[in-house]
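Heads up: the structure comes next, in structure tokens.
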């Protein structure tokens, strides 16, 4: 039944501190779901395969199947892999459960854009030095790797999610 | 009505000479639609460029804009409502006269709101109305004292980089083979990375509406491409 659900990150706030989770599937109306019975939990995934802190759902819910969730900032920058669990026990006795991962890299992408913006000027200069843009290439490659892992995870649900978390932490270090 | 017309570049032709521009309809599209295209330099100075059609203020849904070099382009437009003799007009409101009593855009002069009526239409009564030579310029009055509050406006700035991207792809294709060889030149690879970063830089500047910086990157990219091809 969980296949019928379509929970996804609908939007990340421009300050990169919160994101909106939503599900636009028709399942809820077709099955006359009692929204008060839906439980949504978001938890950080650690790189060592353990689960981290449960994340605040700051607005609960905005509109039946839409939640605003705070990106957990400390000790990290908020980017990372999050576990999303959605469960529902309706009065009819049908039970649905969704357990998936969210890959969120808004701060890394923002900082990467900053690096591109600054270093693209440097690329125009006659005394361009390759070593000046090595960090840019590293961050770009790591971000690409996270996107690849995300795509594969969505297809096969393997455990590479933890590798993605490791990569995101490395990106954070390079940017710092 | 600032920026109620939302333009976008829908596509660029394979020869990179023409951009197809479309727009999202604002709610009120009755009236005359006037659009202009400009190449803008890094000091924000506009040079008008060819846009077609440029003579049909009705029912146009897309335009073809002539591209020359990469960089900062601007599409500006206004939709001026049809003249209505029963409408209350404020100072600086504009109307479009569709040809029955003349043709063109007129701006109301009176500093108190009033209903001109048929006998004081824009063409017949120049004491009430100024003829607007270049209606597109009304878009630039948004936020100014003489803003025409009843006119839908749109100014769309964009950094376009089709030529740089084309040269990058060409260079990439030629280097593909070289990368397979044992005497692969790192110097050439460096050049590819520089160009890729400059293209990405233009995209970031465009996303952040930092147009002068995007335009400067486009100009510098030309030098690097010349160097590469040399």
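Of note, residue A:32 does not satisfy the criterion of being within 14 Å of another protein chain (Cβ to nearest Cβ) and modelled with pLDDT under 80.
Here the helices (runs of 4 or more DSSP H) wholly within the range B:133-230 that include at least 3 residues being within 12 Å of chain A (Cβ to nearest Cβ) are B:186-207, B:211-229.
As a summary of the residue check, residue B:211 satisfies the conditions (1) within 22 Å of residue B:88 (Cα to Cα); (2) touching a strand residue (DSSP E or B) at 6+ places or on another chain (Cβ under 6 Å); (3) crowded, with 18+ Cβ neighbours inside 10 Å except for the one numbered (1). I want to confirm something. Restricting to the range A:120-137 and keeping residues that are at pLDDT 90 or above and surrounded by 21 or more Cβ atoms within 10 Å (Cβ to Cβ), which single residue is nearest to the other protein chains (Cβ to nearest Cβ)? Filtering the range A:120-137 for residues that are at pLDDT 90 or above and surrounded by 21 or more Cβ atoms within 10 Å (Cβ to Cβ), the one nearest to the other protein chains (Cβ to nearest Cβ) comes out as A:120.
The values are calculated or read from the model by the stated rules, or taken from the named source; none is laboratory data. As the structure is a prediction and not an experimental result, all values here were calculated from the model. Don't worry about glycine lacking a Cβ; one is built from the backbone with ideal geometry, like all the others, and counts go over all protein chains shown.
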